[in-house]
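Each remark here refers to the structure printed beneath this line.
Rule-based calculations on the coordinates, nothing more; no lab input. Quick caveat: nothing in here was measured; it's all calculated off a predicted structure. Here Cβ is always computed from backbone atoms with ideal geometry, including for glycine, and neighbour counts include all displayed protein chains.
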Amino acid sequence: MRLSPDDLIFWQYGFLKLNGTIVSTWGLMFVLAIGSKLITRKLSNGPHRSRWQNLLEIIVTSIEKQIEDVGLRHPQKYIGFLGTLFLFVALASLFTILPGYEPPTGSLSTTAALALCVLVVVPFSGIKEQGLGGYLKSYLEPTVIMLPFNIISELSRTLALAVRLFGNMMSGTMILAILLTVTPFIFPIVMSALGLLTGMVQAYIFSILATVYIAAATRGRTATPEPTDELSV
Amino acid sequence: MDSMTLIAIASIVTAGLTIALGSIGPALGEGRAVATALSSLAQQPDAASTITRTLFVGLAMIESVAIYCFVISMILIFANPFWNHVIALAAGK
């Protein structure tokens, strides 16, 4: 039984390997990039717009609203990164509908890479927003004794992001494989639907957590969150 | 009992115990989280979207602990380095 798509090797030359993870990641990149390019070729401002443009607008505006709701101001600066994270992970688990496809996020390499991207973007945006001194000073809040704990929490948050996504995706595919050997076909289909649901939830969780980390870094650790408008009467 | 049998017994028993004990805590925690979220939804239905979103994020954080235990269990069964080492020794003999 395969633990991850890393073990499915299509082509090998020396130590250069073309395994299942790389091929499915390229497929996803192809679909996302070429699809968006084709849809945004003729954008229209008027009341008549194509269905696909409508779909993309719905996706982009709802992601932007979510980012704003969580407390990250000026979502236009971060929506490129956060939106792509969400779309990549969501599409990776959505394509499990296709037969013979294994999600690349079921391999620890992919999820570790995504978590490392978040690890780099968070201090980068914090420094851009608050300056180097201001960002480094936020590690000393609330007291200087918390400095090692703040550093450890940065690293363990990244590790948790990677392992959470990997564990959820891998367990989905593994449960399916195990069930296929012991039960009739109807149960694996139900489990595959559950895997689809958890895939979508995990994509949302990944991007929302990245948003919260960036919001914490750009706002400073002791800033109080603004009250949301929906609760005011 | 030679070392190969000992490693096999230890891996199998630990894998089972890890996932059994490791899913008790997160399950209890998630139950409490959902119960509190439901009661606060009943008290303030117009904050439903905020409550639901925070509930999902909280559930994912709690779930991660169970996922860690699951990953350890899978490693012990399928990618066990001690077992691979002992098998390689036995095959090389």
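Here are the numbers:
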read-out: DSSP H segments from chain B that extend 30 Å or more along their own axis, Cα-based, with Kyte-Doolittle mean of 1.6 or above; value: B:48-78
read-out: Computed magnitude of the charge dipole of chain A (debye, nearest 20; Cβ of K, R +1, Cβ of D, E -1); value: 520 debye
read-out: Phi-based couplings in Hz for the stretch A:99-107 (Karplus 6.51, -1.76, 1.60; Gly and Pro marked x); value: x, x, 9, 10, x, x, 6, x, 10
read-out: Between the stretch A:1-72 and the stretch B:66-93, the Cα center-to-center distance that results, in Å; value: 35 Å
read-out: Environment charge at A:Leu165 (Cβ cut-off 14 Å; Lys +1, Arg +1, Asp -1, Glu -1); value: +1
read-out: Within 10 Å of each Cβ in A:66-77, the average number of Cβ atoms from other chains; value: 1
read-out: Peptide-level mean, for A:205-213, of C-beta atoms on other protein chains within 10 Å; value: 2
read-out: Max mean-square fluctuation residue, GNM over chain A, Cα-Cα springs under 10 Å, options A:Lys42, A:Lys137, A:Lys77; value: A:Lys42
read-out: Equivalent ellipsoid semi-axes, the stretch A:57-169, via Cα gyration tensor eigenvalues times 5, rooted, Å; value: 30, 20, 10
read-out: For chain B, convex hull of alpha carbons as volume per residue, Å³; value: 70 Å³
read-out: The protein assembly as shown: C-alpha gyration tensor shape, a/c 1.5 cut-off, then a/b vs b/c; value: prolate
read-out: Axial C-alpha extent at least 27 Å, average Kyte-Doolittle at least -0.5 - helices from chain A (DSSP); value: A:20-39, A:51-70, A:108-138, A:147-182, A:186-219
read-out: Label point distance in nm, A:Lys65-B:Thr52, each placed 7 Å from Cα along Cα→Cβ; value: 1.2 nm
read-out: Two-site label geometry, B:Ala35 and A:Ile175: point separation in nm, points 7 Å out along Cα→Cβ; value: 2.4 nm
read-out: Under 16 Å from the B:Gln44 label point (7 Å along Cα→beta-carbon), backbone N, the stretch B:52-93; value: B:52-56
read-out: Pair A:Arg73, B:Ala79: separation of 7 Å Cα→Cβ label points (nm); value: 4.3 nm
read-out: Förster-model FRET efficiency, 35 Å R0, A:Leu132 and A:Met200, C-beta, rounded to 0.05; value: 0.40
read-out: Modelled FRET efficiency - R0 30 Å, A:Ile97 with A:Asn45, Cβ distances, 0.05 increments; value: 0.30
read-out: Average beta-carbon neighbours from other chains, 10 Å sphere, peptide B:61-67; value: 5
read-out: Ordering of A:13-19, B:44-50 by packing [mean C-beta count within 10 Å, highest first]; value: B:44-50, A:13-19
